[in-house]
Every structure is written in C-alpha cells, then in structure tokens.
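Take a look at the structure set out below.
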Amino acid sequence: MTLRTKVIMFHLLCFLIGFFGVVRGQTECDHGRLATTIPATLTSPNFPSNYPNNLRCVIHIRSPDRGRIEMKFTTFELEDSDDCANDSLVIYDGIDEGDRLLFHSCGTTWTWPRFPDGLVETSGSEATIVFVTDSSVSARGFSFEYRYIRAPQEVLFFTEETRIRYIYRRNARNGYFKETSMKNVSAVDFDPRSGTLFYGDSGARQISRKKILGTSLASEVILTDVDPFGFRLDIPSRLLYWTDATLRTVSVTNLDGTHRSTIITDLDHPGAIVVEPYKGYIYYTDMGSPGKLERADGDGGNRLILAQGLGRGLYNTTTALAIDLKDRVLYWIDSSHGYLYSVRYDGSGHQSLSSAYNTENPFALVVDSHAFIFTDPTEGRLRFDSRDFTVYGPGLSLTPGTKYYKGLTLRSLGFTGAEPNVCPNSACSGLCLPKPNDQYRCVTDCDYELTAAIIPATLTSPNFPSNYPDNLRCVIHIRSPIGSRIELNFTTFELEDSDDCAKDSLVIYNGIDEGEKLLLHSCGTTWIWPRFPDGLVETSGSEATIVFVTDNSVSARGFSFEYRYIRTPQEALFFTAETGIWYIYRRNARNGHVNETSMMNVSAVDFDPHSGFLFYGDSGARRISRIKIIGTAPSASEVIVTDVDPFGFRLDIPSRLLYWTDATLRTISVIDLDGTHRSTIISDLDHPGAIVVEPYEG
C-alpha cells in the first residue's frame, strides 16, 4: 500500500468517525456533513426552541471535487455579549480550528466580519463550524442552508509589455487583451466580483481597468501620474494597493480610483506587494541595501520587518513575492542566486526551500495548491514548478522571442460569493482601510502625493473657499526633482485660533515625514512659529510634508497657497587667508578671492544669500565689515562694528542677526545685520572660541 493510499484512507476514516459521532466523549452535536448541489439545512440543537446550555458543538462540512461550500443564514439569534464571550458561532475556512476565520458572531447581527445577506462562502472544499454556549441565557439559535458549488475556473493573467495574456489552469486555453494605449504594462490583477481586469502601465504612467466578463467595455483610466511596480487588489475591502517606483511609496485607492492615499513614504526601492485581506495586512519588498520584506497594517501603520538582508535572500532586485492564504506563508525568489524562500506571517519559520530557480530575472510569483508559477521577462517565459519540488517545468512561452513577461496574478473567474469586509457600509466618507482584529481606519480625500513643477500649482484646504470640515487629519507630501527646493507662497490663511494651536492647525515639515525639521506651525490668521515674510515658505531640500488637523468645533475658510519647485542655487565655500577671502564653487570648482586693502587679519567669515552680502571679522583691524558680492556691488566694504576682536562668527539668516565670540572681552555678542542694536548676551567665558546657530529651534 502506497503512502498516498494510506493518507487517503486515514482521512476517510476520520470523516466517517466524525460523521457517525462515535468518538469517545463527543457530544450529540459533533458530526460531519457532506455538501451536495441540493441545499441542506443545519440548525442549532432544539431549534426552533432555545438551545441548551454548556454546549461545544464542532461540525465539519466537506464538498466533493474541490468545490466550495456556500452557507446562507435564515435565522441567527444568540445571547449577546462583549467579544461574544458567552454564546458564539464560529466558522473556519478549513477542516480544523486553526484555519482562517471566516465568521465569529453572537447576538442577532453579524459582528466580524460582515457578510451581505447572511451569505458565507469558503475558499476551498471544507468548513468547520464551532457553536459554544455558556451556563446562563439561551436563545433560538441559528439555521442556515449549505450547498456545494463548483469551484470556478482559475486563470493566470500576466503582462507582455503592450498586452495582457491569460491562460486557463484547467485546460490551458489562452489568449490576450490589447489596448492601443498600452505602453509598458508591468502589473495586473483581476476582480472576480465585477469581472474587471486592472493593470498598471509604467510607460503611460497610469492605472486602468477593463471589464472582461459580461458586457466587455473599453479600458478606463482610473489613476494618472503614477509609476506602478507592485500591484494587488484587496477584493473584500474593494481596494487597490500599489508600489510606486518613482515616488518610492505604497499607495491605495478605491477600485474606481477615488479617495487615493499614500500610506508608506520612506522606501528605498519598493518592489512587489501582496495583501492578506482577512488579517488586515499588506506585505511588500523594499529592494534597497539591504533588501527587506515588511508587513504593515492595511493603513500603513505598525510596520514590521519580517526578513532582511542577503542572508535572508532579500537582494536589491527581489521582485517575486507571493502569499499562500491557506497556509499563512509568504514566498519569494531572490534574483541573484535563484533561491526560493518562505516565512510565516509573523516573521518566524524562515526557510530556504530550493535552489533550482536558475533564472536570470524572476519578476512575479504566484502559488496555488499544486505549483509555484513565476514570470521571467529576461527569458520570456512563464514557468510552473511543483510544490514538492519533484517537477521543474521548462517554462511556457506563448510568444516565441518575447522577453517581457512581468506582472502575474492567479484568480478565479465567476466568484460572486460573499467575502468578509471589516468596513460597514458608509462607515467612511473616503477610504476605509482594514486593520487587524476587525479594526479599520477612515482616510479622507486630503491624503495624497503631489509633484511640484516650475509653473506654480495651487493647494487648498478641503471645501475652500467655504469652511473646511471638522475632524480632519490631512497629510500631503510634495516632491520636486532631486537637487531642487520647494517654494510655498500663501495667499489665504484663516484657521480657528487656540493656545499652542491645539485645535485646528497647519504644520509644514522640511522633508518627507513628520519627524523632519519643523518649518511652520500655525493657526488663527497669522503665522505663529516661525514667522515668514510675505507668506513665503521654502524647503531646504526636494521634499515637504503638510499636515492639516481640525477638531470637532469651530471651522474657518482654511488656507490656499501656490507651490512650485526652484532650482537649488550654487553652493560656495568661503574661507579666510589673513588679508583676503577666497571662494570655491562646489559644483564646478571655479574659484577666486575677495581682497580689500583694509584687511589685516581676517579670521571669520559668513555669507547672507538673501542680500548677497559677505560678512567678515578682522581681529587685526578690530572690526566686522560687509561687502556686497552678488548684484550691484559697492565700491568698497562697509564697516558695521568697531572695537571688537571677533573669533567665532555666524549669521542667523532667518532672524537677520550676526553672532560672534570676542577673544579679548571673552563674551558672546549679537547685532542686526546692518550693525544696529548691538547686545552682549554671555559674559562669563574663559576663552570663547567657535560658534554656530540653529535658527529653526532658536
């Protein structure tokens, strides 16, 4: 007798034992059921009378031929309690209680997750129902019909640069979809509920959708100005997640392209992404150095590194990532050595599974119950390898000579059954993003990414010029080309005023996240900290983050500003050489010097880019002077302070001040840049030396 035969007989014996209820210690409500195409009914004990106390019933339902099980509730009345701790009904998507949780409820309504019309459907051919009651209150219980529905056909969709190919898993029938607008399609996924194919085109910088089941329609662009690399649908939550190669972000949108939000922004080289909709997680690779596999909540929060670095098979070109929802395992192929790796959802159980993936460039990976399937754009093939590594497929090339097979997904056709969605209907006016443990977060329309151009564009608060809504937290990221800066010019600023801007406020950070240097924090109708002339704010680099927060009381018109990018000016080093000041440009090494006959022992220097003045301290001549070197220069330098012995020397450019240490007086002094209003602020030093200024923190 072969091992396979023994395993089959063992499972059959277990089922018969469960079916006839002869396991010792088993209650009368522990049994097995076989689903057929004709609906049958399962009820709680004593139904329609009240169920007994102190029950723990375990019912296994199986269907033949890898079909699925559909359960439709007609009655549901259980004792209600917090977290369903008293009486409860639980349905697992498999043959034991360690399988994926489909349903957990009590009372008279669904609590987690929510199913439309009382309809629950498994993803496979087995289900486990656990009914538990305590020793107190009882109720009528439950009644549902269950039946077997044939497993729908599974189809592989994969991209081929200017078209999308498909191949049926059951009979290998294949074909393709093509649109004249396709330029470089690199990502694809399919929504069986609506019969719609979604694809990302990095060449056209857009995400589109096309209905292919039912009435076929032309492609519809749902997002523009994107560079999609990884790409995956969360079908139960009706969301699309993608990684953006240009912006280096993870973003999400509804399936119609509305309410787009960027949820992760600090990646080096984002790659593949997959979704675990039943746990509320997303998983994605970052192809930086070192490479990383990360997990995050569906809203981008609570990030966790599951695997990192070369020893974990995460190289800076790892793009092939897949998820096995039934076994709760992630798989990926490294692109440098061709190994297949796996890890559990929590980062444990890391394994190197096979080294037979000697392919130059695996791009996308999916896994089903039989095989690992991946695309290879370098060799132009689709490859199938068995899960037990006994068969390595030579690969399938539907278009000989093509070397552009990239994006890949495996989906069932015609699945219209219910799947859990933790977001109640109309729970959020914008995006409803799933989180673990039946939680979700609403994200408003004001979370998004912007790209600055040379021509000014306008950003306003929601509803502007009418009053902004209550209870907002908007996060807007603005990026400009590397090597440039971002200029923001406010034209309107009207927010609710409060102490420390604790109610409504606008904050601007000098970078891509909220841990960067604070540029502006204000409310009311004026700037609070810091103060900017003429409403003009400028970053020091190519990124800015704007955070707009409102409370639930008073609102106002809000804000409006123009933003644009400006080229980063040339940087120059200035250094003293006793009787002169030398300069050297950082970009092209051009150099020269500034020389005045009055210079005796120049020991300190700084430059004000606002006015074009060069300031210098001369300990030999005992004075501080300035000379205009940009724009219309005066004929000679101008002395602004005399009778000083400047040693350290630095400008506070935003505050228009000059600080210096005096070697003779052993003090620190400060003066306006025109030499007026001089003051000594520290006077008890032994030997004062260098000095620097942090103008933004004071």
Just to be sure, is Ile59 modelled with pLDDT of 50 or more, touching a Cys at 6+ places or on another chain (Cβ under 8 Å), in a strand (DSSP E or B) and aliphatic (A, V, I, L, M)? yes
Spot the failing condition for Ser669; the list is (1) among the hydroxyl-bearing types (Ser, Thr, Tyr); (2) surrounded by fewer than 18 Cβ atoms within 10 Å (Cβ to Cβ); (3) closer than 24 Å to Glu578 by Cβ, and only one is missed. (2)
What number of residues in segment 131-182 are under 30 Å from His31 (Cβ atoms), in contact with a strand residue (DSSP E or B) (Cβ under 9 Å, 6 or more places away or on another chain) and open to solvent by 50 Å² or more (accessible area, probe 1.4 Å)? 4
Going by the structure shown, is Thr41 in contact with a strand residue (DSSP E or B) (Cβ under 8 Å, 6 or more places away or on another chain) and modelled with pLDDT of 90 or more? yes
When every residue in segment 641-655 that is at pLDDT 90 or above and closer than 15 Å to Asp674 by Cα is compared, the one surrounded by the most Cβ atoms within 10 Å (Cβ to Cβ) is Leu651
Residue list for segment 168-187, restricted to those being part of a strand (DSSP E or B) and either of a type in the set (S, T, N, Q) or under 27 Å from the mean Cα position of the chain (by Cα) (or both): Asn174, Val185, Ser186, Ala187
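Per-residue answers, yes or no, for (1) among the basic types (Lys, Arg); (2) out of contact with any Ser or Thr (no Cβ under 6 Å at 6 or more places or on another chain); (3) closer than 20 Å to Ala204 by Cβ:
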position: Tyr241; (1), (2), (3): no, yes, yes
position: Asp266; (1), (2), (3): no, yes, no
position: Thr285; (1), (2), (3): no, no, no
position: Gly288; (1), (2), (3): no, yes, no
position: Leu293; (1), (2), (3): no, no, no
For segment 123-142, which residues satisfy the criterion of being under 12 Å from Asn50 (Cα atoms) and not in a loop (DSSP other than H, G, I, E, B)? Gly141, Phe142
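Listed here are the residues, each with its yes/no results for (1) charged (D, E, K, R); (2) within 30 Å of Leu520 (Cα to Cα).
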| residue | (1), (2) |
| --- | --- |
| Thr579 | no, no |
| Gly592 | no, no |
| Met599 | no, no |
| Ser611 | no, yes |
| Asp618 | yes, no |
| Arg650 | yes, yes |
| Ile653 | no, yes |
| Trp660 | no, yes |
| Thr667 | no, no |
Output for segment 556-588, where each listed residue is open to solvent by less than 60 Å² (accessible area, probe 1.4 Å) and out of contact with any Leu (no Cβ under 9 Å at 6 or more places or on another chain): Tyr565, Ile566, Thr568, Ala572, Thr576, Ala577, Gly580
Asp513 is checked against (1) open to solvent by 50 Å² or more (accessible area, probe 1.4 Å); (2) modelled with pLDDT of 80 or more; (3) under 28 Å from the mean Cα position of the chain (by Cα) and fails just one. What number does that condition carry? (2)
I want to confirm something. Restricting to segment 589-600 and keeping residues that are in a loop (DSSP other than H, G, I, E, B) and open to solvent by 60 Å² or more (accessible area, probe 1.4 Å), which single residue is nearest to Ile627 (Cα to Cα)? Asn595
With (1) closer than 22 Å to Asp447 by Cβ; (2) surrounded by 14 or more Cβ atoms within 10 Å (Cβ to Cβ); (3) modelled with pLDDT of 85 or more as the list, and Leu472 as the residue in question, which single condition is left unmet? (3)
Take the residues of segment 62-75 that are farther than 25 Å from Arg170 by Cα and more than 38 Å from the chain's Cα centre (by Cα): which is surrounded by the most Cβ atoms within 10 Å (Cβ to Cβ)? Thr75
What's the total number of residues in segment 498-510 that are at pLDDT 90 or above and more than 22 Å from Asp447 (Cβ to Cβ)? 0
The residue from Arg678, Arg656, Arg666, Arg623 that alone is of a type in the set (Lys, Arg) and within 30 Å of Gly535 (Cβ to Cβ) is Arg656
Tell me which residues, restricted to segment 232-260, are open to solvent by 10 Å² or more (accessible area, probe 1.4 Å) and of a type outside the set (Lys, Arg). Ile235, Ser237, Ala245, Thr246, Leu247, Asn254, Leu255, Asp256, Gly257, Thr258, His259
Let me spell it out: the conditions are (1) without any contact (Cβ under 8 Å) to a residue 24 or more places away in the chain; (2) part of a loop (DSSP other than H, G, I, E, B); (3) open to solvent by less than 70 Å² (accessible area, probe 1.4 Å), and Thr664 meets all of them except one. Which number is the exception? (3)
Can Ile263 be described as part of a strand (DSSP E or B), at pLDDT below 90 and open to solvent by 10 Å² or more (accessible area, probe 1.4 Å)? yes
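The values are calculated or read from the model by the stated rules, or taken from the named source; none is laboratory data. In this text the structure is predicted, and so the values were computed from the model without any measurement. Every residue, glycine among them, receives a Cβ derived from its backbone with ideal geometry; neighbour counts consider all protein chains shown. Ligands, DNA and RNA are excluded from the accessible area calculation, which covers all protein heavy atoms including side chains. Shrake-Rupley method; radii C 1.70, N 1.55, O 1.52, S 1.80 Å.
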